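For reference, the structure discussed in these notes is given below.
The values are calculated or read from the model by the stated rules, or taken from the named source; none is laboratory data. Everything numeric in this text was worked out from a predicted model, so none of it was measured. Because the Cβ atoms are built from the backbone with ideal geometry, glycine has one as well, and the counts that use them run over all protein chains shown. With ligands, DNA and RNA removed, areas are computed over all heavy atoms of the protein, side chains included. Shrake-Rupley method; radii C 1.70, N 1.55, O 1.52, S 1.80 Å.
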Amino acid sequence: METGEDFGPWLARQLKLAGKTQAELADELNLTRAAVSAWITRRSVPRPTMMAEIARALGTDIGTVHTRTTDTQAGLPITWYHRPGYQDGGRDGGNAAAFAFDADVQVLARETCQNSLDERLVDNGRPVRVRYTIHEITGETLDAFRQAILWDELQPHYEAVSETAAHQKVGRVVHAGVRDMFEKGRLVLLRVDDYNASGLVGDDYDNGKFAAVVRRQLESLKSDRGAGGSFGLGKATLWATSALGMVLINSTLSVPHEGRTERRVIGRLELPWRSVGDGTYAGPAWLGRPDPDSPGAQVTRSWWADEETVERLHLTRDSDEPGTSFLIVGAHDVASLDESNAERAMDDEDGRGGQEDDGTRDIRSMHRRLVEALERDFWAAMTAGGSRLPLLETSVRTLRNGQVVVEEQQIDPTDAQPARTRALRAFYEGTTVDRLTEPGQVALRTVPLRLPLAGGRRGTLGTHQAVLLVTDAGDKDGVPKQVHSLRGNRMTIKRSTVAGLPLGVNSFQAVLLTGTAAGETAPFAEEAEEFLRAAEPPEHDRWGQTEELTLRWSHTAHHRIARLTTEVNAAVKELVARPKRSGDEGGAKLRKALTVSPAKRTSRRSGGPGLPELDGLEASIGPAGEWRITAEVKLPRADELPVMTPVVLLDVRSGARPRLDWAELVAEEGCEVDDGVLRFTPGARRAVFGGATDVTSHPVRTALTRLVLELRAGKGE
């Protein structure tokens, strides 16, 4: 038989769990206490014939004694330990770290995938595999799960929180979660499994990944400069996504602990301060086996669960591959609820109410939003090319009581982000070009990031050459003319629109690779990783001034990043600008080909500042027959400009011009779009916006029409 932990430490723990002393075990086995002590201290091991007697004394089977891959079931039972209230009377209204994030599954996907990337086992070269399972349980399945998590022990604590819910944000969320579970008879479990990851290794209390995730707050043990996280906040999204504040954990370890690797289980509950019976409780609670070494054996620690237990807790893993499963109990997503309510309202208006129950709407919406987040933020980590393998594989599936509602969906980066993945593959395969001359090509430029000296010293440590990739955009690539910036773990950090582009440039997508993502031979790659990582806020969604950047470098260090952005924008413009033609030949041909008629400019108001004026217009017919336009607006000098509404009409010989609807309206420079109107950036002298018409609003075939674009003050009526 394959054995796990050494016999001596294993036996010592079983005696503590069973409440037996070495002397008592020696009496039961008709041995001397010295013989048992020799086993404990590893000076000897029992004879094979003695194993059966030891198993009988511990109340277990002989196989458990031989393999020692799990604890005996005798002794202290699995229970919840609630941290006692502070002796000085202090109270916490919840875990402050969880308030850094919204209850949003897209935020959850970003943080958990980032953490899994950071914990990937790199020696085997394989990607880390992350699977999201949305599982709605009802009826007997829900009853069995509540029994498995010892709901009867928890209910008084939830009732105490509900009594004070009006005074605490966490309390209101928890109260609504419990009410929803009982009134609707349903509970949504959201499980995040990763494979080929390190797992929660280390002791329950000492420094290690297990203690950092399960026991502590705001602690990150990631030392790799290329790691995505650095604040220790990301794990809080797990509890923030739970309406009940509960997360259960099952980890398979890459490094044995207590001689074992599989089914290390614990649960953590995050509630606000509460008074239950004669006791007060500070907030968190842990589901586990009481630790005999703690005072009164009250504190619970992780335990090595059997297969039946992890199945009852919905924590069964697919394989013995290292990694961790996090089960979010009572998962909720505000945006998914809003989306479901909107769909429900539309069905009611169309007379289609009742076609799909509310629970199915919610979990389907949650499924869609998870897929969208993974496609948007981790397309680069999932892209392979040349000798480079992907770092990540992801999938999402949705179940109800174990039955499939939405089939497992493997995220394909080439389908979600075709232009960007094409650009990244070309870089990996060495097929980039210096300039774009044909569709499908990928142009490469290096852009300097001048790294400052640490400690506020003047001067430059060195120049890191970031890699800029530019290619033409397709219809499936989302917002055009954007730069996606990323570093070593290949998660998209920053999405930005290139400002000041000349009118009429072809639609494109760009990717900026920094740090180790720029290649193994890129100069100062590790130093760039460290610098840019320090320039990221907890959300890891931009680069700019941060407290860490100021403390480690200087209060002006972020200017280096601003200079990088300027260099990137200049390189993009140089790559996508159309070459000038001699004379007016090109412009004449363009004017003749376009069937576009811009509206007359609005005259200046008498005695007041001028209004924004249309100053340029490019238009073409899209593949679906829609009009696609790019318009430039000249802005007068004024402290405050009125909102303007772009109105698109069809030119006719007589009668009123038919008005078309916008299918898409996006701001590109000097303005923002708010509910169909343009709000201009104070101090800007120029604005550019683009859009596409809704084909269903076209009264005739687009090719037979001419377009009029007007800029109207106010709401455009």
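For the pair Asp615 and Thr32, label points projected 7 Å from Cα toward Cβ lie 10.0 nm apart. With R₀ fixed at 41 Å, the C-beta to C-beta distance from Ala570 to Asn124 puts the FRET efficiency at about 0.45.
Summing Lys and Arg as +1 and Asp and Glu as -1 over all other residues whose Cβ lies under 9 Å from the Cβ of Tyr132 gives a net charge of +2.
Contact order for the stretch 17-60, expressed relative to its length and based on alpha carbon pairs under 8 Å spaced 6+ residues apart, stands at 34 percent. Axis angle, to the nearest 10 degrees, between helix 334-349 and the longest C-alpha principal axis of the chain: 60 degrees. Each residue, Glu429 and Trp80, gets one label point 7 Å from its Cα in the Cβ direction; the gap between the two is 5.6 nm.
Could you calculate the contour length gain from Leu551 to Asp278, that is, 0.36 nm times the residue separation minus the distance between their Cα atoms, to one decimal place in nm?
93.6 nm
Using a simple spin-label model with pseudo-atoms 7 Å out from Cα toward Cβ, Leu704 and Glu520 lie 6.3 nm apart.
In this calculation the C-beta distance from Thr460 to Thr414 is compared with R0 = 35 Å, giving a FRET efficiency of 0.35.
Per residue, the convex hull around the alpha carbon atoms of the stretch 370-446 comes to 101 Å³. Here is the tail figure for the chain: Cα pairs spaced more than 47 Å apart come to 33 percent of all pairs. If all Cα-Cα distances of the stretch 160-199 are sorted into 5 Å bins from 0 onward, what percent lands in each bin, rounded to whole numbers? Reading the bins upward from 0: 6, 21, 17, 14, 13, 8, 11, 8, 3. Sorting Thr446, Thr300, Thr280 on solvent-accessible area from highest to lowest, probe radius 1.4 Å, gives Thr446, Thr280, Thr300.
Note on the stretch 430-526: Kirkwood hydrodynamic radius from all Cα pairs is 14.9 Å, rounded to one decimal. Within the stretch 475-523, the percentage of alpha carbon pairs spaced more than 15 angstrom apart rounds to 52%. Remark on the stretch 622-691: ratio of C-alpha radius of gyration to 2.2 N^0.38 Å is 1.25. The shape of the stretch 408-448 can be summarised by an equivalent ellipsoid whose semi-axes, obtained from the alpha carbon gyration tensor, come to 24, 12, 8 Å from longest to shortest. Normalising the Debye intensity of the stretch 128-167 to I(0), with uniform scatterers on Cα atoms only, and taking log10 at q = 0.27, 0.31, 0.36 Å⁻¹ returns -0.88, -0.96, -1.07. When nucleic acids and ligands are ignored and a 1.4 Å probe is applied, Lys715 ends up with an accessible area of around 130 Å².
All C-alpha to C-alpha distances of the stretch 110-193, sorted into 10 Å bins beginning at zero, yield P(r) values of 15, 32, 26, 19, 7, 0 percent in whole numbers. Dividing the C-alpha radius of gyration of the stretch 380-499 by 2.2 N^0.38 Å, with N its residue count, gives 1.35. With contacts taken as Cα pairs under 8 Å and at least 6 residues apart, the chain reaches a relative contact order of 10 percent. Full extension of the chain segment joining Lys476 with Asp320 gains 52.4 nm, where the gain is 0.36 nm per residue of separation less the Cα-Cα distance.
The value obtained for the stretch 496-566, namely the Cα convex hull volume divided by the number of residues, is 115 Å³ per residue. Projected onto its three principal axes, the C-alpha set of the stretch 664-717 covers 41, 21, 16 Å, listed from the longest axis down. Report in % the part of the accessible area of the chain that belongs to carbon and sulfur, leaving out ligands and nucleic acids; probe 1.4 Å. Answer for the chain: carbon and sulfur cover 48 percent of the accessible area. Each peptide in 237-247, 428-438 receives the mean, over its residues, of other Cβ atoms within 10 Å, and ordering these scores from highest gives 237-247, 428-438.
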